[in-house]
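Written below as structure tokens is the structure these notes are about.
The values are calculated or read from the model by the stated rules, or taken from the named source; none is laboratory data. Since the structure is predicted, the reported quantities are computational estimates derived from the model, not experimental observations. Cβ placement follows ideal geometry from the backbone for every residue including glycine, while neighbour counts extend to all protein chains displayed.
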Ligand SMILES: Nc1ncnc2c1ncn2[C@@H]1O[C@H](COP(=O)(O)OP(=O)(O)OP(=O)(O)O)[C@@H](O)[C@H]1O
Ligand SMILES: [Mg+2]
């Protein structure tokens, strides 16, 4: 951390603390990559955390994915019917869900559920000196608490995103089946017809980035919680807000990148 | 007057030696030239009002905070110059009992105690872990709480479990951060005798931070008064409290007013 002895600010108080925040976050990320490849690897704790992440968000992702699938299909049908193109519905939905909605919905739900709970958990460990207690027992808390959690979100969230896409497509199928009595096989064939390998790959890559972001932001905010119970709530809240903001930002950047790659 | 409860094998080898220690946070100068010696087998109580930097002092001893200036030697190692790996090795010989106990609240009492053990010593059998945990729980008299969660314990029990967790690695030095704060007089007395038991059983030297003069008097050979970032006076309990210094007097009067 940067410490300043004098009252003098380089720019103004707010800009300085903003820059300091960026610098600290940068240090945090560097430290993560340094420690993630060094033993000891707390594999069991990573698996534990994966389980936690999955368990916390599975029900909500199932429900939301399903509803998004149904609603999106229902809302898209009239416009396509206007062009006499209702038979394109499955492939339109397929692209929309696999490329955009699945990863994004999953990331937003996980930012809310997982990001906040990591922020609150580490924040409360910080303010009640549990992190220091680990340090004085010669256990590296960065490794035990942060590396494991960030790895868990990075691994689990892409899987959840694929699952979410699948559930979404199933919801969509039910709606299409009710209206056009398309069979399940035919629906999935149609849905995946226009989806390329690059689409799936970039969708997974995107989810990996989202997962990494959510874990890292939660850990960063929790680990740097300031003293007191107030700090815990603040850490959890800021973790959600910042993670969601970054997820949207990354979504835009990755979509752009994927478009460029397609041209070459 | 010598305190008879105390373990008597005082020799003159320093386990902690601090010279000219300075520490500030931004504009706030907390420690301003601390000199301090803890001999092997000795218990020293550090007294001082809230915010005087007592916790900061012992956190510097274990490298949780970095000193701005000064030489800090613990068990022959220079904490201010040591590598991260050596620091971890040194930490295994130091027990740190936190002001708020700092039990891991996602783990049971058993897991709290087993955690530092299994993380630091590889390939222990379940039997060895069990017996180490039982021994430490026995030392603090809370064997029956083995499978409880920290949230189910009272403040005094949490303090004891916190102490047990440090005992599991058989430390040579114990650092107690306000072991009796927030406890009733009876529980405080129990903690005081626990500190003495630990000293006898594990042969430790201790720094006991407190504002509780009864705790200081019963558990320590010496008292060190921290005022305005320095040790104003160090000596036996009676020597320190016959001082005419007003701040020391007010400290005494608050604790023992009739
Ligand atoms: N990490 C930190 N960053 C900034 N200031 C700190 C930090 N730790 C302690 N301080 C400040 O240093 C001073 C001394 O704190 P310390 O916790 O050592 O007090 P204490 O003597 O233990 O008090 P108490 O009896 O209330 O526990 C306080 O003014 C505190 O605000
Ligand atoms: Mg303190």
Residue within the stretch B:77-100 that is under 19 Å from the mean Cα position of the chain (by Cα), more than 21 Å from residue B:199 (Cα to Cα) and modelled with pLDDT under 90 present | yes
Could you tell me which numbered condition residue B:124 fails, if it satisfies all but one of (1) closer than 22 Å to residue B:202 by Cα; (2) more than 16 Å from ligand 1 (Cβ to nearest atom); (3) within 14 Å of chain A (Cβ to nearest Cβ); (4) assigned to a loop (DSSP other than H, G, I, E, B)?
-> (3)
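Rundown of residues vs (1) within 16 Å of ligand 1 (Cβ to nearest atom); (2) within 12 Å of chain A (Cβ to nearest Cβ), yes/no style:
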| position | (1), (2) |
| --- | --- |
| B:143 | no, no |
| B:147 | no, no |
| B:166 | no, yes |
| B:171 | no, yes |
| B:177 | yes, yes |
| B:186 | no, no |
| B:191 | no, no |
| B:194 | no, no |
Scan of the stretch A:191-203 for residues that are surrounded by fewer than 20 Cβ atoms within 10 Å (Cβ to Cβ) and touching a residue at least 60 places away in the same chain (Cβ under 8 Å), ordered by number = A:192, A:193, A:194, A:195, A:198, A:199, A:200
Pick from the stretch B:21-48 the residues that are out of contact with any strand residue (DSSP E or B) (no Cβ under 8 Å at 6 or more places or on another chain) and not in a strand (DSSP E or B): which of them is nearest to ligand 1 (Cβ to nearest atom)?
-> B:26
For the stretch B:100-116, which residues satisfy the criterion of being more than 9 Å from every other protein chain (Cβ to nearest Cβ) and farther than 14 Å from residue A:139 by Cβ?
-> B:108, B:109, B:110
Of (1) touching a residue at least 40 places away in the same chain (Cβ under 8 Å); (2) more than 14 Å from chain A (Cβ to nearest Cβ); (3) within 16 Å of ligand 1 (Cβ to nearest atom), residue B:181 satisfies every one except (2)
In the stretch B:55-68, which residues are more than 10 Å from ligand 1 (Cβ to nearest atom) and either over 26 Å from residue B:217 (Cα atoms) or more than 14 Å from every other protein chain (Cβ to nearest Cβ) (or both)?
-> B:63, B:66, B:67, B:68
Assess whether residue B:52 counts as being touching a residue at least 24 places away in the same chain (Cβ under 8 Å), within 16 Å of ligand 1 (Cβ to nearest atom) and surrounded by fewer than 22 Cβ atoms within 10 Å (Cβ to Cβ).
-> yes
Pick from B:49, B:40: which is at pLDDT below 90 and in the same structural domain as residue B:203 (by TED's automatic domain parsing)?
-> B:49
Number of the condition not met by residue B:119 [criteria: (1) touching a residue at least 24 places away in the same chain (Cβ under 8 Å); (2) within 14 Å of chain A (Cβ to nearest Cβ)] = (1)
Given the stretch A:1-105, what helices (runs of 4 or more DSSP H) lie entirely inside it while holding 2 or more residues that are within 30 Å of residue A:119 (Cβ to Cβ) and modelled with pLDDT of 90 or more?
-> A:13-36, A:43-82
Yes or no: residue B:97 closer than 25 Å to residue B:135 by Cβ, within 16 Å of ligand 2 (Cβ to nearest atom) and more than 9 Å from every other protein chain (Cβ to nearest Cβ)?
-> yes
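For every residue, the table says whether it meets (1) closer than 24 Å to residue A:158 by Cβ; (2) loosely packed, with under 12 Cβ neighbours inside 10 Å; (3) in contact (Cβ under 8 Å) with a residue 40 or more places away in the chain.
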position: A:19; (1), (2), (3): no, no, no
position: A:28; (1), (2), (3): yes, no, yes
position: A:39; (1), (2), (3): no, yes, no
position: A:43; (1), (2), (3): yes, yes, no
position: A:67; (1), (2), (3): yes, no, yes
Could you pull out every one of the strands (runs of 3 or more DSSP E) wholly within the stretch B:202-258 that has 3 or more residues that are more than 16 Å from ligand 2 (Cβ to nearest atom)?
-> B:230-235
Residue check for residue A:191: over 15 Å from the mean Cα position of the chain (by Cα) and more than 20 Å from residue A:104 (Cα to Cα) = no
Any hit, the stretch B:231-243, residues being within 16 Å of ligand 1 (Cβ to nearest atom), under 14 Å from the mean Cα position of the chain (by Cα) and more than 30 Å from residue B:106 (Cβ to Cβ) = no
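Keeping to the stretch B:11-44, report how many residues are away from chain A (no Cβ under 14 Å) and within 14 Å of ligand 2 (Cβ to nearest atom). Lay out the reasoning, then the answer.
So the first thing to find is which residues in the stretch B:11-44 are away from chain A (no Cβ under 14 Å), and the list is B:11-21, B:31-44.
The next check asks that each one be within 14 Å of ligand 2 (Cβ to nearest atom); those that pass are B:31.
Number satisfying all stated conditions: 1.
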Taking the stretch B:69-89 on its own, how many of its residues are at the interface with chain A (Cβ under 10 Å from one of its Cβ atoms) and in contact (Cβ under 8 Å) with a residue 24 or more places away in the chain?
-> 1
Quick one: how many residues across the stretch A:121-140 are in contact (Cβ under 8 Å) with a residue 60 or more places away in the chain and within 12 Å of chain B (Cβ to nearest Cβ)?
-> 8
